[in-house]
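Reviewing the structure listed below.
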Amino acid sequence: MNGDPVQAKLLEARVARLATADAEGRPHLVPVCYAYDGRSFYTALDRKPKRGAPEQLARVRHIQANPNVALLIDEYHEDWEKLWYILIRGTATLLSEGEEHKEAHRLLKEKYPQYRAGLLPEGALLIRIVPTRIIAWGKL
């Protein structure tokens, strides 16, 4: 990553917005915590209150029907000279086991103390996003 400001922001930012679309193309957008390993982004279906079982959430159903997603990481500032965003377009898959799942789980717990404190149960379903395009704009 060697001083690349985009890579630095991708590693340090705390929240993103995950955009999915259902089989008919209707959009859905949710804020997510994420980890990035330099190749893929990971977000978890954690223990924060949800409207149903993780497997029934709209983002999961949408990814199963249409794996094309977008992830937006941004910062607003009243001084518009300091605005920036990074838009990641990619393909999402669901992970529930295996070495990659374990490593992503570790990265998420390393980044967020809330996950270390119990909000990320072992075996929690994860979403992996493999970027196909990364677009950056603004004062990174």
Of Y34, Y76, Y42, which has the largest mean-square fluctuation in a 10 Å C-alpha GNM of the chain? Y76
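Give me the percent relative contact order of segment 5-138, please, defined on Cα pairs under 8 angstrom at least 6 residues apart. Could you put the intermediate results ahead of the total?
Values: 244 pairs, mean separation 39.3, N = 134.
Computed over segment 5-138, the figure is 29 percent.
Each value in this text was obtained by applying a stated rule to the coordinates, not by laboratory testing. Just so it is clear, the structure is predicted and the values come from calculations on it, not from any experiment.
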